[in-house]
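The values are calculated or read from the model by the stated rules, or taken from the named source; none is laboratory data. Just so it is clear, the model here is predicted, and its values are computed rather than measured. FYI the Cβ positions are ideal-geometry reconstructions off the backbone, even for glycines, and counts take in every protein chain you see. These accessible areas exclude ligands, DNA and RNA; they are computed on the full protein's heavy atoms, side chains included. Shrake-Rupley method; radii C 1.70, N 1.55, O 1.52, S 1.80 Å.
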Amino acid sequence: MTTIYDIEVGEEGPALETRDLSVFYGETMAVDHVSFRVPERSVVALIGPSGCGKSTLLRCFNRMNDLVRGARVEGAVEFHGQDLYAPTIDPVEVRRHIGMVFQKPNPFPKSIYDNVAFGPRINNFRGDEDALVEASLRRAALWDEVRDRLEESAYSLSGGQQQRLCIARTLAVTPEVLLMDEPASALDPIATQRIEELIYELKKDYTIVIVTHNMQQAARISDYTAFLYMGKLIEYGPTDSIFTNPREERTEAYVTGRFG
Amino acid sequence: MRPGRAPLGASPSAFDRARRTKGRIFAFTCAAAAFVGVASLGALLVDVIADGASRLDLAFLTGFASRFPERSGIRAALAGSVWLLVLTALISFPLSVAAAIHLEEYAPRNWVTRAIQTNIANLAGVPSIVYGILGLALFVRGLRLERSVLSGALTLSLLVMPVIIMSAQEAIRAVPSTIREAAYGLGATRWQVVRGQVLPMAMPGILTGTILALSRAVGETAPLIMVGAVGFLAFTPQSVMDPFTVLPLQIYSWISRPQEEFQPLAAAGIIVLLALLLTMNAFAIVLRNRARSGG
Ligand SMILES: Nc1ncnc2c1ncn2[C@@H]1O[C@H](COP(=O)(O)OP(=O)(O)OP(=O)(O)O)[C@@H](O)[C@H]1O
Ligand SMILES: [Mg+2]
């Protein structure tokens, strides 16, 4: 089964593509033959009811599922045409190109500065570390709030600030793709709005795949939306048409809040 | 108001009175149990200090054991215990931490790992004299290390390693998986995750477990007698191959003397041993508090 609704990806081809991607946890199938393409420098939202496989699908792109005992991936995941699951590919290398922001802010129990600098340090960064930390914090719209307290513990920040710190930490390894798993679900409306504005900014330079439970959020920030249900990709297309003119009944039921 | 429910502030029902009484009985029982422990430690301290305080002075700490009680000191035993403690820590700590890291972070979850794990748990419960016999066969005779501090330290290392490994595993497991994911997500290798995030976060817990295990080792006598610690020594070890004695053994040898005059010496020796143990435990508590405050 290939994708039922495809999208235009332009001349240079998609940044990310899955073909007949299935993921199993032991015997249970969490993602069921999913095929879709993510154009470069666009925001794709993954929506669907709880447990439908959004996080599992997202974690295929940076091979985070490798860390889960008993998880098995079938099918193809490509990054600029390169098979991410080819035997020659080192998952550690993949994660340097494809960064991830998690649902709950998870800063390291270290200073704000060391949180951002950890990624560059382990990747043998040789340039000006202070400048990179500052640039990353600026990109994450956090610099003005923390510039005078870089040596304080990251735990002294508010939840929303911690999440922006985590985004800055991811940006500091200069990935090309950002995977975000409900990055604003633990935050209040104001912090959420800041994260959304940030995503809007980042979209100019990054390809972003974001999981969200918030329909308005998906509609506001994404270019394309994929609706998943019980591991299957039900519908995929430009966000406008998914929300205003869905072709599948289940999609319509979900986006209008009649189930899920 | 809901039908059938008494208004707030009404006199308590029989059921309410009964459960409050039960709560009080339970709280009292717990307090009493806690008091037994504190009281027996207090009684021990009072008794030992009453007997030994008069003999506890600088001459006692710096003098060697002697046939004459008034000239006898604890220097050899104290030095022996400290030697043993330091050597045991140097041997057992790195090995145990490495074993714990392997079991938690690297080893596949298969029957081999489970067998090793079960073995470690069982080893932690083996009586210490058995380790003494093993040490005698393996280190004293097998490796020809003779009746040396090194033999003693290796034997005690075997004794404390299962305990240190298990507490280190516990501490490593307590590092939240979100921290690991964050580090992996930044492109860290397994070693970088362990070295950069897991170990620093687990270290206070690992150190606490190590110190508690070592403080048990300081009190051990049986396995050290097996590997040849001597009860009477007039010099301190100068190298790892020298013979040695330890505090508990010295205390025992004084207590078993027929002459009355040696009894206060034993009490003073116990005070020194307790002081050493309490210092180590205080150290462990400081480390634990530092871990709680999130370093
Ligand atoms: N580590 C795991 N081991 C076994 N099963 C898992 C594991 N992680 C997820 N699953 C199962 O896979 C399915 C998909 O889970 P996933 O976390 O991808 O859903 P989700 O769409 O992200 O849900 P939510 O919106 O609640 O985050 C669920 O049925 C879940 O129970
Ligand atoms: Mg999820």
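For the reader, a short list of remarks on this structure follows.
- Ellipticity estimate at 222 nm from DSSP helix runs (n ≥ 4, -39,500 (n - 2.57)) divided over chain A, nearest 500: -9000 deg cm²/dmol
- Using only alpha-carbon positions in chain B, the gyration tensor eigenvalues give semi-axes of 42, 33, 17 Å once each is multiplied by 5 and square-rooted (largest first).
- Estimated FRET transfer efficiency (B:Ser40, A:Thr244; beta-carbon r; R0 56 Å; 0.05): 0.15
- Candidates B:Val36, B:Val193, B:Val140, ranked by Gaussian network fluctuation over chain B, Cα under 10 Å, top entry: B:Val36
- Mean partner shielding of peptide B:186-196, defined as the number of other chain Cβ atoms within 10 Å of each residue Cβ, is 6.
- Modelled spin labels at B:Gln117 and B:Arg67, positioned 7 Å past Cα toward Cβ, are 6.0 nm from each other.
- Dipole axis of segment B:12-55 (+1 Lys, Arg; -1 Asp, Glu on Cβ), positive-most option in B:Ala53, B:Ser40, B:Ala14: B:Ala14
- Between helix A:129-139 and chain A: long-axis angle, C-alpha atoms, 0 to 90°, nearest 10: 50
- Protein-only accessible surface at a 1.4 angstrom probe places the residues B:Leu85, A:Leu57 in the order B:Leu85, A:Leu57, largest first.
- DSSP bridge pairs, the protein assembly as shown: antiparallel proportion in percent, nearest 5: 60
- For the protein assembly as shown, the dipole from Cβ point charges (+1 on Lys and Arg, -1 on Asp and Glu) about the Cα centre works out to 2320 debye, to the nearest 20.
- Unit charges on C-beta of K, R, D, E only; dipole of segment B:12-55, Debye: 420
- The label point for A:Ala131 and the one for B:Glu170, both projected 7 Å from the Cα toward the Cβ, are 5.0 nm apart.
- Protection proxy ranking, highest mean first, for peptides A:58-69, A:142-153: A:58-69, A:142-153, where packing is the per-residue count of other beta-carbon atoms within 10 Å, averaged.
- Sequence-distant contacts, meaning Cα pairs under 8 Å at least 6 residues apart, place the relative contact order of chain A at 27 percent.
- Pairwise FRET efficiency - A:Lys104 versus A:Asp205, Cβ, R0 = 30 Å, nearest 0.05: 0.75
- Proximal lysines to A:Lys54, defined as alpha-carbon separation beneath 17 angstrom and excluding residues fewer than eight positions away on the same chain: A:Lys104, A:Lys232
- Accessible surface ranking for A:Lys232, A:Lys203, 1.4 angstrom probe, highest first: A:Lys232, A:Lys203.
- Folded to 0 to 90 degrees: helix B:262-292 orientation relative to chain B principal axis, Cα: 40
- The residue among A:His213, A:Gly160, A:Phe227 whose Cα reaches farthest toward the positive pole of the charge dipole of segment A:158-260, with charges on the beta-carbon of Lys, Arg, Asp and Glu, is A:Gly160.
- Ordering B:Lys22, A:Lys110, A:Lys204 by accessible surface, largest first, gives B:Lys22, A:Lys204, A:Lys110; the 1.4 Å probe counts only protein heavy atoms, with every chain in place.
- Helix axis angle, A:189-202 relative to chain A longest principal axis, alpha carbon, degrees: 80
- Average Cα contact separation per residue, chain B, under 8 Å, 6 or more apart, as relative contact order %: 26
- Given charges at Cβ of Lys, Arg, Asp, Glu: the protein assembly as shown dipole, positive-most of B:Pro108, B:Val86, B:Ile129: B:Ile129
- Among A:Gly70, A:Gly159, A:Gly119, residue whose mean-square fluctuation peaks in a GNM of chain A (springs only between Cα atoms under 10 Å): A:Gly70
- Net +/- balance of residues flanking A:Ser55 in space, Cβ distance below 11 Å, scoring K and R +1, D and E -1: 0
- Take the Cβ atoms of B:Thr178 and B:Asp57, set R0 to 60 Å, and the FRET efficiency comes out at 0.60.
- The label-point distance for A:Asp188 and B:Asn110, in a model that sets each label 7 Å from Cα toward Cβ, rounds to 5.3 nm.
- Here chain A is assigned +1 on the Cβ of each Lys and Arg and -1 on the Cβ of each Asp and Glu. Its dipole about the Cα centre then comes out at about 580 debye.
- For segment B:105-113, backbone phi angles converted through the Karplus equation (6.51, -1.76, 1.60; θ = phi - 60°) give residue-by-residue couplings of 9, 10, 4, x, 7, 10, 5, 4, 4 Hz, Gly and Pro being listed as x.
- The slack between B:Phe262 and B:Asn281, meaning 0.36 nm per residue of separation minus the straight C-alpha distance, is 4.0 nm.
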